[in-house]
Protein chains: 4
Amino acid sequence: MINFALLGAGRIGGMHADLIAGSPEAILRYVYDTDQPSARELANKYSAIAVESIEQILNDDSVDALLIATTTDTHVELIIKGAQAGKAILCEKPIDLSTERVLQCWDKIKDCQVPIQIAFNRRFDPTHAGLKRQLNEGYIGLLQQLIITSRDSDIAQVEYLRHSGGIFRDMFIHDFDMFRFITGEEATEIHAIGSTLIDPDLAKISDVDSVMITIKTKSGKLCHINGARRCVYGYDQRIEAFGSNGMLQSNNPRSNSVSKSIASGTDSMSVLNPFFIERYQDAYRAQLDSFILSLMTDTPTSPSFTDGMMAQIMADAAQESLVSGKPVMLDL
Amino acid sequence: MINFALLGAGRIGGMHADLIAGSPEAILRYVYDTDQPSARELANKYSAIAVESIEQILNDDSVDALLIATTTDTHVELIIKGAQAGKAILCEKPIDLSTERVLQCWDKIKDCQVPIQIAFNRRFDPTHAGLKRQLNEGYIGLLQQLIITSRDSDIAQVEYLRHSGGIFRDMFIHDFDMFRFITGEEATEIHAIGSTLIDPDLAKISDVDSVMITIKTKSGKLCHINGARRCVYGYDQRIEAFGSNGMLQSNNPRSNSVSKSIASGTDSMSVLNPFFIERYQDAYRAQLDSFILSLMTDTPTSPSFTDGMMAQIMADAAQESLVSGKPVMLDL
Amino acid sequence: MINFALLGAGRIGGMHADLIAGSPEAILRYVYDTDQPSARELANKYSAIAVESIEQILNDDSVDALLIATTTDTHVELIIKGAQAGKAILCEKPIDLSTERVLQCWDKIKDCQVPIQIAFNRRFDPTHAGLKRQLNEGYIGLLQQLIITSRDSDIAQVEYLRHSGGIFRDMFIHDFDMFRFITGEEATEIHAIGSTLIDPDLAKISDVDSVMITIKTKSGKLCHINGARRCVYGYDQRIEAFGSNGMLQSNNPRSNSVSKSIASGTDSMSVLNPFFIERYQDAYRAQLDSFILSLMTDTPTSPSFTDGMMAQIMADAAQESLVSGKPVMLDL
Amino acid sequence: MINFALLGAGRIGGMHADLIAGSPEAILRYVYDTDQPSARELANKYSAIAVESIEQILNDDSVDALLIATTTDTHVELIIKGAQAGKAILCEKPIDLSTERVLQCWDKIKDCQVPIQIAFNRRFDPTHAGLKRQLNEGYIGLLQQLIITSRDSDIAQVEYLRHSGGIFRDMFIHDFDMFRFITGEEATEIHAIGSTLIDPDLAKISDVDSVMITIKTKSGKLCHINGARRCVYGYDQRIEAFGSNGMLQSNNPRSNSVSKSIASGTDSMSVLNPFFIERYQDAYRAQLDSFILSLMTDTPTSPSFTDGMMAQIMADAAQESLVSGKPVMLDL
């Protein structure tokens, strides 16, 4: 059994608490949050202990792992403390909005030898993972092009987005990780353009809501990512892999399978998942299972801290390209 | 080159004239119709000769084949005359509304040794024929059940239907042939129920507009046919073959492939073909090609006169079952 | 909160225990099974009490409801005892293999005034229920025809099926209930044919494995059910409703949404659910929620004991038709 | 009736001859080709006159229109001669590989007042045109993003491609026109990257076979085009329009609609059209009809000479971006 302390009792934290409680291999021991009532409420629900200070957790030798789901600006400090206390870590993305701070974090923990996993949950989604597996099994020969569609169901307030680090670090970091996961290569060139077509107020904070990104890899593979902050028909997340022998598509799952045929045509009437918690429910569960399995079998966790760092560097490059209007070359 | 005389210059006749004219292996020599203006108009369009009497056609040795597309009650007489004059015959279904007359017809022509093909055009439809081919190739193992959906787009006037021979002889004769084509067996038992759910006036002529038929074959295979005289979303014609190793479905082709995703769901917006001439255009062409190829290579035509007779016997049995309320046993 | 006693700790019982434990409105108090180790193991898992005798449950006033998931031959006795003790009852289908015993049961409990719900879980399946809702909302006008496809993924041993009551009572009782649920009418005529195409040994116990059923309602609606005991591509459960203004189809949900396009065509690669527990997981949960809600709001449970009885009478009629080879008339 | 002279008796010329002959409003008078046997064979097939010199055509007042389907390097000369002789012109794309020569051509013909249409046939494809129509009707609100997939079924020999003007002018000129057709705007910025992933020998002629293009419009709309010279599963041509209220997708039509469900999943087994002549057959016909209708009703032809010029300028910009590695700004 793996004993968990959950750091962060917000919406995502609540989901993680539920998954830990539902796992036959995990126990939720502690819930920490700077907001005490939230911590207490969540802890009570799962018979865990709510704590005001992280030290109590770090000093409890029975705690095997931290699940970090606090606000982004606290991740680095908590990772360092946890790693130095010898705890395994599963940390929500992004590690930090500043790549410099991510690198500094790495310097301080790289010798700690604790398992660290970054929560790129989409790698564990059954359809995305199914596409990757079939690609690996050679169904479509050599991969040549990758097209990723990434549309959020709705946009947050400008005030919230002001502190998000910009659309590339906040939203597309998942897609940069998907690019690396599917291609198995690093980017050598990134080009990004964007517009404010959904909320013009974003211009005030120098951000955009509609984006197209082009990426080239060392071996010449081509990748395109398109994204938008609002998609009225639901959370639209698709991946298309085109190769020398065919194409694989990871399409959106549908909420039901009723179809209607009337004089004007045939309507599937089924809608997409409203947002990421519903869409990636199975992925979140499989991510936790994978982390637990790594701890129990003493095998490396994945995606790693380095994976988190690499996606961040790509986000920085995309942001730079958006501002400069030119492609950014990378040598990773 | 095969020289054709077309008997019947109505809507179906017009379509056949067009197909003959478009075939590189066929020439339209004559058009015959009791309605002279129709015959002349059609003949002029394709530089053929309009005739008032069929004798001129029968006496012209250059005529190889008759395509009979006149009203049903004239088929038998024209088949007999044509066969006795040594002409090959492609005759629209049904041969006649009376099975007795069909059998008498057979007695008179069976020694004539002319190729006769009955126009069960659906056998030549690319998707239905594709299903049959894959079934033969063993993709789904042994066939166990067959489900045929057969819905016309709209119902004719009661006055017209009064002379149609009833829904089984008029409309489902095609489906009975499909049953024989797909299973490769004869029926041993037929049960039919029906209702007037579309046009209550049909009750006045003791006919129905909504039908369900169940058929059993010698080897125990089960077949269901459902049909309706009106289907608001278009001409719905599907076949499902279920076997020991899987299922094949011949679905409706779609008129276009645009889809629309909005907040309420995803709509294909594509409609079915309006009716049989559009739906089975390729099938009608392939049927003519097959007839011509049989003549040119001196191989048997198919479906044969016997196929036409067998479908008719099934239609009679279904009608008898509808009236009696009991299954009808057959020993064919 | 509703306090439950679970009767029956087999596979289905285990699933129900899990659903009760997972419900925020329910508590699992007791687990009863004649097999004590099974009862204890299941009770321990959910901190419930394992009992050897049902009397302890009936005498405990804190128990609100019984969930009956024992073998079919014990249902009637348990229902009677439970009802007379004033417990609400959610009972697995079928009530009994003998309609006579079902009627006797009804005589004994009809004055008890306890809520009774029969576990026709498919009524709660999101796609089937969605079809019914859209039908009620008038999307396709008046219902004219109903086509139900019901294929189990695999067949049980003949020895097990010997005591199943025959394919209609064991397997199609669900489909008869679906017929009543969707049409909102009673059957006036049932015709059934069957074959042993999957396991010839079924003939020894006078049962069949492949079936086609035709049903007519008072208003003349037509219904077809086809079914098979083995379907290699998974658990195939579809409903098609055809009406004056269109068609609704409840299609199979898919396990994932990856598609593969290669030279030979496009393959969805997604498989159907393996069997009913996976396919109807959401339906089982919604069924329990509906039962609990009825108890908490003091509203009638549905589907009712009468619904259970009606489906049984239809199964008897289908069995009679199979044996006699003739349609059976009903006046319900 | 419109009297046509066809210039060019190659494969595309043959298709156009067939369409002209099949049109009830058109007559094929002349066929011209520098290869006399080809011209004669095609002319004979449709009872037209084969000519060695274009002058005979230009001097015949009965000729209303030229359909130019000769090699690209002859287009400009033939357009100028035809326009100066007062003939209406339907010219295959591209006008010329050199935008300079296209501009010079325009200078010479702009005062001739003859109708000129450039053969961007995809505008007339039922699904692409259906998408455009629904976009215009406001189904998805304001267009924000456009994604075009454009994959040829197979690549030509390097020797042939050496004279093609490069992948952007030869292949993507159609997609640049689609971009303009769908968005109704001009590009302000074009960025292109490419690789030789299919035929490495293309590097010898400084060309690529795999391409991703990003385009921004004046109003900030974003467009992505991806393309490849070889696609093993057929000719893959899709358009996705994403807007403020939804998404429209123009998907590939399928050659048939048989599907197969077996233990490993469900396979549509239907393949895409092999290449453009099959895929865009209806589009070519509708294009001719539109040209003829414009002549008969004295309304402007579309797409115009200017449309042809604009697509060419975009192709030049994409080529420049590929070589320079930087986006190219346009002010059109």
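Brief remarks follow.
- With a cut-off of 10 Å between beta carbons, the residues surrounding B:Lys260 carry a summed charge of -2, where Lys and Arg count +1 and Asp and Glu -1.
- Unit charges on C-beta of K, R, D, E only; dipole of chain B, Debye: 820 debye
- The Rg/Rh ratio for the protein assembly as shown is 1.01, where Rg is the radius of gyration of the alpha carbons and Rh is the Kirkwood radius.
- Using distinct alpha-carbon pairs, which all enter the 1/r mean, Kirkwood radius of chain D in Å: 21.0 Å
- Residue-averaged 222 nm ellipticity for the protein assembly as shown, from DSSP H runs of 4+ at -39500 (n - 2.57), nearest 500: -10500 deg cm²/dmol
- Calculated FRET value between C:Asp61 and C:Asp298, using beta carbons and R₀ = 25 Å, to 0.05: 0.85
- Using a 7 Å Cα-to-Cβ projection, B:Asp154 label spacings across copies, nm, ascending: 4.4, 4.6, 5.2
- Across region A:297-326, the residues whose backbone nitrogen lies under 16 Å from the label position 7 Å along the beta-carbon direction of A:Leu103 are A:306-318, A:320.
- DSSP bridge orientation in region B:2-114 - percent antiparallel, rounded to nearest 5: 0 percent
- Part-to-part distance (alpha-carbon centres) for region A:277-305 and region B:197-255, which is given in Å: 50 Å
- Helix A:99-109 and the longest principal axis of the Cα set of chain A meet at an angle near 40°.
- For region B:16-117, the alpha carbon convex hull comes to 94 Å³ per residue, rounded to a whole number.
- Highest-first packing order for the peptide set A:231-244, B:281-294, A:7-20 is A:231-244, A:7-20, B:281-294, based on the mean count of other beta carbon atoms within 10 Å.
- Average beta carbon contacts from partner chains per residue of B:223-229, 10 Å cutoff: 4
- Dipole moment magnitude, nearest 20 debye, region D:1-60 about Cα centre, only Lys, Arg, Asp, Glu C-beta charged: 160 debye
- Residue-averaged beta-carbon neighbours from other chains (10 angstrom radius) around C:188-195: 4
- Tensor-based shape of region A:241-332 (alpha-carbon gyration tensor, a/c under 1.5 rounded, otherwise prolate or oblate): oblate
- Chain B, closest residue to the rotation axis toward A, by beta-carbon, whole angstrom: B:Asp267, 2
- Degrees, to the nearest 10: B:36-45 long Cα axis against longest axis of chain B: 90 degrees
- In straight-distance terms, cross-link reach from C:Lys132 covers every one of the lysines whose alpha-carbon lies under 25 Å from its own, apart from those fewer than eight places away in the same chain; here that gives A:Lys260, B:Lys260, C:Lys93, C:Lys216, C:Lys218, C:Lys221.
- Sorted shortest first, the separations between the D:Lys110 label point and its copies elsewhere in the assembly read 6.4, 8.3, 9.4 nm; each point sits 7 Å from Cα along the Cα-to-Cβ line.
- Within 10 Å of the Cβ of each residue in B:237-250, the mean number of Cβ atoms contributed by other protein chains is 5.
- Anisotropy class of region A:201-295 from Cα gyration tensor, a/c 1.5 cut: rounded
- Helix A:281-297 axis, angle to chain A major axis (alpha carbon atoms, nearest 10°): 50 degrees
- Counting from the shortest, the label point at D:Thr71, 7 Å from Cα toward Cβ, is 6.4, 7.1, 8.8 nm from the same position in each remaining copy.
Read-outs throughout are calculated quantities, based only on the coordinates presented, and are distinct from any laboratory measurement. A quick note: this is a predicted structure, and the numbers were derived from the prediction, not measured. Neighbour counts run over all protein chains shown; Cβ positions are idealised from the backbone, glycine included.
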